[in-house]
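The values are calculated or read from the model by the stated rules, or taken from the named source; none is laboratory data. All values derive from a computational prediction rather than experimental measurement. Cβ: placed from backbone, ideal geometry, glycine included. Neighbour counts: every protein chain shown.
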Amino acid sequence: MAIDYEKLVAEAYKAQKNAYTPYSHWQVGAALLTEDGVIYHGCNIENASYTPTNCAERTAFFKAVSEGVRGFLAIAIVGNREGQKPGEGDFCAPCGVCRQVMQEFCNPTVFQIILGNGTDHYKVYTLEELLPMGFGPDNLLL
């Protein structure tokens, strides 16, 4: 399946609108594309005690996995300060915890991570590029 990067980035911006960020004011949106062509949206959700805060990427993955989905092709991620328009910020890469969640469910040489800075300005990486020598389920096989 060909991936429409611009559409996926636009979907991430839609998800970003639901971000709950009263503390950092840094709003992130994610659009996770399944092998079946379904898109799961995620946004970051903060909490006053910080530890329960959840990133947009993990929100999208957990929504999909909780629905029984296990095959993923790509995720688009956008992020910027509250009030900035798309393209006014910078690229927003996934944190280490989100990369580890991706490693759990995705083929690192195939899964694509699209970092958007405006719907027509993006960078594409594989998970392996952003998490070299990642530890995943294959490392536990005896």
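Return a yes/no flag: does region 54-71 have any residue that is among the polar types (S, T, N, Q), more than 18 Å from T126 (Cα to Cα), at pLDDT below 95 and over 11 Å from the mean Cα position of the chain (by Cα).
No, region 54-71 contains no residue that is among the polar types (S, T, N, Q), more than 18 Å from T126 (Cα to Cα), at pLDDT below 95 and over 11 Å from the mean Cα position of the chain (by Cα).
Being of a type in the set (V, I, T) and in a strand (DSSP E or B) is the filter here, so list the residues in region 52-79 that pass it.
Those that are of a type in the set (V, I, T) and in a strand (DSSP E or B): I75, I77, V78.
Restricting attention to region 118-133, and to residues there that are outside any strand (DSSP E or B) and under 13 Å from the mean Cα position of the chain (by Cα), which single residue is farthest from I3 (Cα to Cα)?
Applying the filter and picking the extreme gives L130.
Tell me, which residue of region 23-34 that is part of a strand (DSSP E or B) and among the polar types (S, T, N, Q) is surrounded by the fewest Cβ atoms within 10 Å (Cβ to Cβ)?
T34
Where the second residue is among the small types (G, A, S) and in a loop (DSSP other than H, G, I, E, B) and the first is within 18 Å of P94 (Cβ to Cβ) and modelled with pLDDT of 95 or more and lies in region 1-30, which pairs have Cβ atoms under 7 Å and are six or more apart or on separate chains?
The qualifying pairs are Q27/A19; V28/A19; G29/A19.
If V97 satisfies all but one of (1) closer than 23 Å to I3 by Cα; (2) in contact (Cβ under 8 Å) with a residue 24 or more places away in the chain; (3) not in a loop (DSSP other than H, G, I, E, B), what's the number of the condition it fails?
With respect to (1) closer than 23 Å to I3 by Cα; (2) in contact (Cβ under 8 Å) with a residue 24 or more places away in the chain; (3) not in a loop (DSSP other than H, G, I, E, B), V97 is out only on (1).
Would you confirm whether any residue within region 35-52 is surrounded by 13 or more Cβ atoms within 10 Å (Cβ to Cβ), of a type in the set (F, W, Y) and within 9 Å of the chain's Cα centre (by Cα)?
no
Quick one: which residue in L115, L142 is crowded, with 16+ Cβ neighbours inside 10 Å and either at pLDDT 95 or above or not in a helix (DSSP H, G or I) (or both)?
From the options L115, L142, the qualifying one is L115.
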